[in-house]
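Since the structure comes first, as structure tokens, the remarks are kept for the end.
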Amino acid sequence: MADLKVTLIQSQLYWEDIAANLQMFDEKIDRIGERTEVVFLPEMFSTGFSMQPEKLAETMDGSAVQWMKKKAAEKNIILTGSLIIEENGHYLNRLIWMLPNGTYGTYDKRHLFGYAGEHEHYQPGDKRLIAQVKGWKINLNICYDMRFPVWARNTIQPDGNPAYDVLVYVANWPERRSTAWTTLLQARAIENQCYAIGVNRVGNDGNNIYHSGETSLIDPMGEIIYRKSHDEDIFTYTLQRDRVDEVRKNIPFLKDADNFTILSNELV
């Protein structure tokens, strides 16, 4: 199975300004200096983490999704990040996995951040999205999901292989809880024997909450390959298939895990 080249973009965001954020990320993607295959953007990359979906939500035909389609095709990349989406009378914090040919997968954030009132404005999702590219399986999540390890638990499938190889969190995670961000991301990599990617924003949001970034890439043994604090950055790295296979072969503990099934909001 081939290696996979990914790019993580850590950026400030223009508060509740869709046009300005799309232009900014357009320019940042243009500045990627090497060929890449998947580009990761933060949570709510077009607005910041806003609790005003009535003002900001777009449909799946809106400007942000159309920009993702255009940019993915132009650069021949997979482009992913989350947006505020309105669908069937509900507002969603929706991650979009946009392919170069214009097809896409979606994941609606399951765990809504009650401390900030997210559950009062957005509808939670109930389905995981595990995307596939070049034989890699990528489990896509959003920010607060990281505090709930059962939702991300890697399990052995009927074919004898783990459910996924890369675990991703796109986020607007504030500096005041950065210890939890860095610790939990490292733990998720170790316990699931996978690469873990966390893409966070930097700077103050419209509520004057500071975000220090700590966008990170962790290998399947929990080793920190990349971590960036405070500054904007664009980081490209080749995920190595042999590294995942080696760890799982030498320490095959996933097969000893407990079996469980998630039904709606109940664990059985």
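Taken together, the values in this text are just the output of simple stated rules run on the coordinates, not laboratory data. Here the structure is a predicted model, which is why all the values come from computation and not from measurement. Positions of Cβ are generated from backbone atoms using ideal geometry, with glycine treated the same way; all protein chains shown enter the neighbour counts.
Some notes on this structure:
- Applying the criterion of being out of contact with any strand residue (DSSP E or B) (no Cβ under 6 Å at 6 or more places or on another chain) and in a loop (DSSP other than H, G, I, E, B) to the residues of the stretch 11-29, the residue that is surrounded by the most Cβ atoms within 10 Å (Cβ to Cβ) is Leu13.
- Residue list for the stretch 155-195, restricted to those being among the polar types (S, T, N, Q) and either outside any loop (DSSP other than H, G, I, E, B) or out of contact with any Asp or Glu (no Cβ under 8 Å at 6 or more places or on another chain) (or both): Thr155, Gln157, Asn161, Ser178, Thr179, Thr182, Thr183, Gln186, Asn192, Gln193
- When the test is whether a residue is basic (Lys, Arg), outside any loop (DSSP other than H, G, I, E, B), out of contact with any helix residue (DSSP H, G or I) (no Cβ under 6 Å at 6 or more places or on another chain) and surrounded by fewer than 18 Cβ atoms within 10 Å (Cβ to Cβ), Lys228 does not pass it.
- Count of the stretch 30-51 residues which are under 24 Å from Pro174 (Cα atoms), of a type in the set (A, V, I, L, M, F, W, C) and surrounded by 19 or more Cβ atoms within 10 Å (Cβ to Cβ): 6
- Summed over the stretch 29-53, the residues that are over 18 Å from the mean Cα position of the chain (by Cα) and farther than 28 Å from Ala116 by Cα give a count of 6.
- Within the stretch 140-159, residues that are over 22 Å from Arg201 (Cβ atoms) have Cβ atoms under 7 Å from residues that are crowded, with 22+ Cβ neighbours inside 10 Å and of a type in the set (Phe, Trp, Tyr) in these pairs: Asn154/Tyr164, counting only partners at least 6 apart in sequence or on another chain.
- Complete set of residues in the stretch 121-142 that are on the phi > 0 side of the Ramachandran plot and not small (Gly, Ala, Ser): Lys134
- Members of the stretch 232-256 found to be more than 21 Å from Asp3 (Cα to Cα), of a type in the set (D, E, K, R) and in contact (Cβ under 8 Å) with a residue 40 or more places away in the chain, listed by number: Glu232, Asp233, Lys255
- Answer residue from the stretch 103-154, given it is surrounded by 15 or more Cβ atoms within 10 Å (Cβ to Cβ) and polar (S, T, N, Q) and is farthest from the chain's Cα centre (by Cα) among those: Gln123
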